[in-house]
Amino acid sequence: MSGDRDASLDMLLDLDGQLLVVDPEGGHWVKFVITRVPVSTEKPHGLDYSLTLHGPTGERLVGFDNAHPVGRGKRGEPMDHRHRLLTVKPYAYENAATLLADFWQAVDAVLKERGVL
């Protein structure tokens with residue numbers, strides 16, 4: 001990450017604590033938890049974040065976060081990753097704007113699969 005300040009970071013941080021209903025009839029909603037943390041090896045962008053889409057019963061359908069290790073046995077350091085239904089894959093964090101765009105793209109894909117969009 002370069003020394004340039006990520007101008008979209010404030011926009012992302014402003015979403016902290018927001019719950020948004022994206023499908024009032026079907027009960028799908030998104031939740032944002034974003035906290036500034038000290039820059040570290042595990043969180044080089046200085047963020048602890050969780051962006052999630054939930055279904056009508058509260059189950060997580062999509063998630064982008066960096067709060068826990070990824071992989072079998074979940075050993076190792078926390079890293080950026082994405083959840084889609086039951087799959088977890090590493091996520092290459094670039095900046096806050098790209099994170100938000102990627103999250104909404106995944107949300108749209110799942111909602112289309114479920115016939116919501």
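Short-range pairs are left out: with C-alpha atoms under 8 Å and at least six residues apart, the relative contact order of segment 9-113 is 18 percent. Length gained on full extension, GLU113 to ASP16, computed as 0.36 nm times the residue gap minus the Cα-Cα distance: 32.2 nm. For GLY46, the residues whose amide H sits under 5 Å from its own are SER40, ignoring neighbours fewer than 5 places away on the same chain, with H placed 1.01 Å from N. Computed 3J(HN,Hα) for segment 7-23, one whole-Hz value per residue from the Karplus formula 6.51 cos²θ - 1.76 cosθ + 1.60 where θ = phi - 60°, is 5, 7, 4, 4, 4, 5, 4, 5, 7, 3, x, 6, 10, 10, 7, 9, 8, glycine and proline marked x. The residues neighbouring HIS83, those whose beta-carbon lies less than 10 Å from its own, together hold a net charge of +3 under the Lys/Arg +1, Asp/Glu -1 convention.
All of the numbers you see were taken from the coordinates with simple rules; none came from a lab. Since we're looking at a predicted model, the values are computed, not measured. Every residue, glycine as well, gets a Cβ built from its backbone with ideal geometry; the counts of neighbours run over all protein chains shown.
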